[in-house]
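Chemist: Structure incoming, see below.
Every read-out reported here was derived from the displayed coordinates using simple, explicitly stated rules and does not represent laboratory data. Owing to the predicted nature of the structure, the values given are computational and were not obtained by experimental measurement. Neighbour counts are summed over all protein chains in view; Cβ atoms, including those assigned to glycine, are modelled from backbone coordinates with ideal geometry.
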Amino acid sequence: MKLRFLVLAAGLVSIPALVAAQQVALPDSAAQPADEGLTGSVSDENEWQDLGIAIPAFPTNESVATAAEGGTTDALGRNVARVVFNDLKNNGLFKPLGPDQLPAVAFPQVSAPTFDIWRGRSAEMLVQGFVKANPDGRLTVGCYLYDVALGSELARQGYVVKPEEWRRAAHKCADMVYSRLSGESPFFDSKIAYIAETGPKDRRRKQLAIMDSDGANHRFITNGQATALTPRYSPDYSKIVYLSYLNGAPRIYVYNVGTGQQTLVTSSTNPTFAPRWSPDGKWILYSMAVAGNTDIYRVPATGGTSTRLTDSPGIDVGGSYSPDGSKIVFESDRSGGQQLYVMNADGSNQKRISFFGGRAATPEWSPRGDQIAFTHMAGNFKIAVTDPYGKGMRTLTDSWQDEAPTWSPNGRIIQFFRTERGSGKTGIWQVDLTGRNERKLNTPVDGSDPAWGPVLP
Amino acid sequence: MNRSLLIAGIAATTLALGACASKPKELPPEPGTTNTQTTQGPTQPTGPVPGSQADFLASVMSDTVLFDLDRYNIDASDQGILQSQAQWLGRYPNKAVTIEGHADERGTRDYNLALGERRANAAKNYLVSLGIDPSRVTVVSYGKERPIALGSDEESWARNRRAVTVTVN
């Protein structure tokens with residue numbers, strides 16, 4: 001699973017030899033580097049223009065065979081550009097043109113673009129890159145971002161990847177473009193764990209599955225013989241914590257992605273559910289019902305003694321750490337219906353924050369810390385956000401049943417699942433913080449309980 | 001909410017299932033007239049095996065108690081059903097049961113798991129209050145994962161908010 005990711009950013013001091021050699025082979029682009037030209041961030045409320053970005057196929061210096069998709073470095077270069085194109089298209093901020101709509105670019109032009117041609121195509125931004133096969137079988141992918149109007153280079157990076165991980169280079173390139181143009185943190189090079197659903201409503205088969213943020217590299221982890229629910233990737237992607245009815249009763253298991261082994265998170269005979277990781281991966285937050293009463297507990301991820309954090313006679317369930325690990329937002333029906341509460345990480349100072357009318361459930365603290373996403377149940381089930389003090393609540397979706405939000409690593413996009421009235425069919429959707437860019441993710445079968453992991457290192 | 005009608009509906013469904021069961025060999029034999037309406041007594045040789053799940057279904061008012069939205073209290077009609085279950089458990093002191101707690105689809109997943117657990121425990125606690133040894137009653141929550149009524153309407157949701165008693169040995 002190890003991937004070599006090397007940044008070719010201009011001005012980087014300690015450049016490994018392999019990459020340095022390639023940078024020598026690549027002259028600086030003829031374009032003058034822009035100073036901090038494009039600034040500002042994509043705020044929640046502001047319209048962001050549909051920025052025209054041209055992304056022609058990434059040429060290769062020499063087309064040779066590769067194990068990556070396409071079979072040759074020439075075909076791979078087109079596939080890499082397609083992935084970059086789809087990433088940027090699907091986030092709703094940009095209006096890119098991809099390699100299938102654009103003329104090919106010769107290898108030397110990658111670092112010396114003919115800006116007039118692109119001006120003629122009304123492109124405001126230009127993403128070019130290259131693919132090279134290395135003697136050791138790995139691939140080097142270069143990625144350049146140019147401002148066409150200014151005729152200048154805005155950013156560049158290079159990545160050395162194993163052939164089977166070529167898509168990660170494309171995601172890193174898309175992340176570079178997105179970050180440079182939006183001012184936001186990257187998020188494309190990340191993965192999602194979720195529950196794949198098949199079968200009729202009363203006998204739904206539910207399997208743990210994983211995929212890349214764009215739906216590629218899909219893999220089923222469990223075979224569906226035992227119902228699996230509510231997965232969460234550990235912050236380092238080495239484990240997935242999830243609920244399974246493996247031995248007939250709901251229990252939380254920690255699945256090791258590398259070894260395929262799994263262990264129970266506690267030895268208790270009580271049902272355990274709603275597992276969550278702490279941001280540092282050292283703790284697992286979970287809910288446990290004892291004699292019918294559900295409270296929230298914390299246990300070291302490596303096992304050991306659990307600490308009870310809540311003790312109300314109501315249902316206290318779920319929970320999500322603030323990014324600094326100091327606080328937990330959770331849901332409780334202690335005041336009647338489900339509402340959101342915030343407490344310190346040790347369980348002290350529990351305070352209700354949701355006073356929105358209706359019920360509020362499944363809170364998830366944004367990785368940026370500034371927002372909490374949750375399910376707002378008021379007639380329909382809607383995805384909504386609020387600040388950590390319960391102020392500034394905004395509804396982002398409105399469908400019959402949307403629930404279980406999960407944040408993109410940069411806290412700008414929320415995935416959730418939508419259930420169809422009647423049929424019970426489910427699908428994973430995402431929406432950005434403006435609420436305007438909503439789309440369904442392509443999964444091989446129905447999907448629910450998405451859990452978005454962090455950006456890969 | 002017309003709870004008693006709904007319960008009657010469930011009971012009727014259960015009996016109907018029992019009646020159908022006379023044809024396939026592998027299914028439990030039909031309950032016959034044994035403990036349903038007449039008081040003829042268990043004289044038919046084709047009646048359910050005493051202490052079996054079929055016998056349980058034929059003997060009790062219902063295997064299912066229903067709950068109002070977000071509630072888990074045991075009301076008067078639930079008490080009658082659970083009393084009939086307790087009587088059966090009294091007749092077969094070596095038998096154990098599992099109570100399966102369920103919620104309707106109009107709730108979030110984690111909360112519904114907790115709610116199903118709460119409902120199953122409420123039913124268990126009532127059985128225990130009637131003198132049933134708690135070690136004979138296990139509970140499991142399926143949350144909203146196993147509906148029996150498939151519609152997305154009030155009637156279906158009412159039928160899915162339930163605790164179902166199943167014999168386990």
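Chemist: Give me the one-decimal Kirkwood hydrodynamic radius in Å for the stretch B:41-169, with the sum taken over alpha-carbon pairs.
Modeler: 14.9 Å
Chemist: Mind listing which chymotrypsin sites (Phe, Trp or Tyr not before Pro) in the stretch A:388-457 are in a DSSP loop and have 11 or fewer other Cβ atoms within 10 Å?
Modeler: A:Y389
Chemist: Roughly how crowded by other chains is peptide B:138-147, in terms of the mean Cβ count from those chains within 10 Å of each of its Cβ atoms?
Modeler: 5
Chemist: Please state the shape class of the stretch A:231-294: rounded when a/c is under 1.5, otherwise prolate if a/b exceeds b/c and oblate if not, all from the C-alpha gyration tensor.
Modeler: oblate
Chemist: Continuing with this model, one more query. Output the relative contact order of the stretch B:60-148, whole-number percent, from Cα pairs under 8 angstrom with separation of 6+ residues.
Modeler: Relative contact order comes out at 34 percent.
Chemist: Please give the net charge around A:P250, taking every other residue with its beta carbon less than 13 angstrom from that of A:P250, where Lys and Arg add +1 and Asp and Glu add -1.
Modeler: Net charge in that neighbourhood comes out at +1.
Chemist: Lysines within cross-link reach of A:K351: Cα-Cα under 19 Å, excluding same-chain residues under 8 positions apart?
Modeler: A:K327, A:K391
Chemist: Sticking with this structure for a sec: Any idea what diffusion coefficient the stretch A:198-268 gets from Stokes-Einstein, in µm²/s, Kirkwood Rh on alpha carbon pairs, 37 °C, 0.692 mPa s?
Modeler: 254 µm²/s
Chemist: Out of the stretch A:274-383, which chymotrypsin sites (Phe, Trp or Tyr not before Pro) are coil in DSSP terms and have no more than 15 other C-beta atoms within 10 Å?
Modeler: Listed in order of number, the matching sites are A:F355.
Chemist: What is the average number of partner chain Cβ atoms found within 10 Å of a Cβ in A:292-300?
Modeler: Per residue, the average neighbour count from other chains is 3.
Chemist: What's the longest uninterrupted piece of chain A once you rule out the GluC sites (Glu not before Pro) that are loop residues per DSSP with at most 12 other Cβ within 10 Å?
Modeler: The answer is A:63-457.
Chemist: Same structure, new question: Provide the net charge surrounding A:I221, with neighbours chosen by a C-beta distance below 15 Å and charges set as Lys +1, Arg +1, Asp -1, Glu -1.
Modeler: Spelling it out: positives minus negatives among the neighbours equals +3.
Chemist: Give the cross-link partners of B:K124 among the lysines, using a straight C-alpha distance below 24 Å as the criterion and excluding same-chain residues fewer than 8 apart.
Modeler: B:K95, B:K144
Chemist: Let me ask something additional. A:S122: net charge of surrounding residues, Cβ under 15 Å, Lys/Arg +1, Asp/Glu -1, itself excluded?
Modeler: Residues close to A:S122 contribute a combined charge of -1.
Chemist: Could you state, as a whole-number percent, how many of the C-alpha pairs of chain A are farther apart than 44 Å?
Modeler: When every Cα pair of chain A is considered, 17 percent fall beyond 44 Å.
Chemist: Would you calculate a helix-derived [θ] at 222 nm for chain A, using -39,500 (n - 2.57) for each DSSP H run of n ≥ 4 and dividing by the full residue count, to the nearest 500?
Modeler: Result for chain A, helices only: -3500 deg cm²/dmol.
Chemist: Per residue and in Å³, how big is the convex hull formed by the alpha-carbon atoms of the stretch A:191-452?
Modeler: Normalising the Cα hull of the stretch A:191-452 by residue number yields 124 Å³.
Chemist: In percent, what relative contact order does chain A have, based on Cα pairs under 8 Å that are 6 or more apart in sequence?
Modeler: 11 percent
Chemist: Show me, for the stretch B:56-73, the HN-Hα J-couplings you get by feeding each phi into the Karplus relation (A = 6.51, B = -1.76, C = 1.60, θ = phi - 60°), rounded to Hz, glycine and proline as x.
Modeler: The phi angles translate into 4, 4, 6, 8, 8, 4, 6, 8, 10, 10, 10, 10, 6, 3, 6, 9, 9, 6 Hz.
Chemist: Can you give the Kirkwood hydrodynamic radius for the stretch A:361-457, in Å, rounded to one decimal and based on Cα pairs?
Modeler: About 13.4 Å, per the Kirkwood formula over Cα pairs.
Chemist: Do any trypsin sites (Lys or Arg not before Pro) in the stretch A:186-260 lie in a loop, going by DSSP, with at most 13 other beta-carbon atoms within 10 Å of their beta carbon, and if so which?
Modeler: Passing sites in the stretch A:186-260 do not exist.
Chemist: For the stretch A:398-457 and the stretch A:269-328, what is the separation of their Cα centres, given in Å?
Modeler: 24 Å
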